Amino acid sequence: MRAGKAEASGEKSLPGAAAADAKPMRRIKVTLSYDGTDFHGWQIQPGLPTIQEAVERVVAEIEGAPVRVTGSGRTDAGVHALAQVAAFSLRNPIPTDNLRRAMNRLLPAEIRILAAEETAPEFHPMRDAIAKTYEYRIFRAEVCPPFERRYLHHYPYPLNVDRMAEAAPLFEGEHDFTSFAASDKSDELGRSKVRAIFSSSIECFADRIVYRVRGGGFLKHMVRNIAGTLIEAGKENLGVKELTVLLRGDAGVKAGPTVPPNGLFLIGVEY
């Protein structure tokens, strides 16, 4: 009945709405950096500030409709990223460089979009990733610079750094990292916790120790637990024999303590 009246009165649908529906969907890949101190990690959590929520809110404002943003992985609360990768789909024809500028104008200062580019419609930042690199940063001097405390694990106690450096490469290769993984909801699915580590090393710079690891994928808290285990090796509480047992993934055998999140950085993602 209403349709007939509309036709009789000469009413027409809004051309803008029809044009918006006609615009092709675009897949956008963004590289972003963030200070994770004041966020509860990447993944959306009801009532809590997260990186994903902040980015989705901004993209939705630009698009004029809800937009789902998918990341290359879930960084934990307090963890930072130098080059996280995310992707989303939208119809807005805004050029990618203008999109980057608009997002940075709307996002909080702790989150910056470094690059934006149009990519293949099927691109998935998590499934398509072939490697990720993380760093864990430790500060050893007695007094930690107050302006760096958010980005370092302050550990002003004796460590045998040579033993840490000798232990780090033991994680290279394919191992069952059950002993280095925090409990997760996906545990109920019985998924394998075997992961491939391509490189694992310790570097020292004056009062700083940097643990760098590159691998095909990581479990929840895995890098922080490896870093904690390497500290135990530096305290001479663990040796090659004990580390070998941990890398077997035996049930009930746990790694060293989980170190704080503020020293952890996602350095980059490879495709």
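For the range 180-202, taking the residues that are out of contact with any Lys or Arg (no Cβ under 7 Å at 6 or more places or on another chain) and among the charged types (D, E, K, R), the one that is nearest to Ala167 (Cα to Cα) is identified as Arg195.
Only one of the listed residues (Thr258, Thr244, Thr229) is of a type in the set (S, T, N, Q) and buried (at least 23 other Cβ atoms within 10 Å of the Cβ). That residue is Thr229. Just one of the numbered conditions (1) part of a loop (DSSP other than H, G, I, E, B); (2) closer than 21 Å to Val269 by Cα is not true of Ala65: (2).
For the range 235-244, indicate whether the set of residues that are part of a loop (DSSP other than H, G, I, E, B) and closer than 30 Å to Ser72 by Cα is non-empty. No, there is no match, as no residue in the range 235-244 is part of a loop (DSSP other than H, G, I, E, B) and closer than 30 Å to Ser72 by Cα. Mind listing just one residue for me: the one in the range 24-49 that is free of Cβ contacts under 8 Å to residues at least 12 places away in the same chain and not in a strand (DSSP E or B) and, of those, nearest to Leu99 (Cα to Cα)? Selected residue: Pro49. Considering only residues in the range 173-219 that are at pLDDT 95 or above and of a type in the set (Lys, Arg), the one that is surrounded by the fewest Cβ atoms within 10 Å (Cβ to Cβ) turns out to be Arg208. Applying the condition of being in contact with a Gly (Cβ under 9 Å, 6 or more places away or on another chain) and at pLDDT 90 or above to the range 248-264 and asking which residue is nearest to Thr31 (Cα to Cα) yields Leu264. Only a single criterion out of (1) basic (Lys, Arg); (2) modelled with pLDDT under 95; (3) surrounded by 20 or more Cβ atoms within 10 Å (Cβ to Cβ) is not satisfied by Arg74, namely (3). Scanning the range 171-191 for residues that are without any contact (Cβ under 8 Å) to a residue 12 or more places away in the chain and either farther than 21 Å from Ala77 by Cα or assigned to a strand (DSSP E or B) (or both) turns up Glu188, Leu189, Gly190, Arg191.
From the residues in the range 118-133 that are in a loop (DSSP other than H, G, I, E, B) and over 20 Å from the mean Cα position of the chain (by Cα), which one is surrounded by the fewest Cβ atoms within 10 Å (Cβ to Cβ)? Working first, answer last.
First, pick out the residues of the range 118-133 that are in a loop (DSSP other than H, G, I, E, B): 120-130.
Then drop every residue that is not over 20 Å from the mean Cα position of the chain (by Cα), which leaves 120-122.
Details: Ala120: 10, Pro121: 10, Glu122: 8.
Across the range 118-133, the extreme among qualifying residues is Glu122.
Among residues that are touching a helix residue (DSSP H, G or I) at 6+ places or on another chain (Cβ under 8 Å) and either small (Gly, Ala, Ser) or touching a residue at least 12 places away in the same chain (Cβ under 8 Å) (or both), Ala168 is included.
Contact map, the range 57-86: first residue outside the structural domain of Gly263 (by TED's automatic domain parsing), second residue of a type in the set (Phe, Trp, Tyr) and at pLDDT below 95, Cβ cut-off under 7 Å, separation 6 or more or different chains; the map is empty.
The values are calculated or read from the model by the stated rules, or taken from the named source; none is laboratory data. The structure presented is a predicted model; accordingly, all values stated were derived computationally and were not measured. Reconstructed Cβ throughout: ideal geometry from the backbone, glycine too, with neighbour counts over all protein chains shown.
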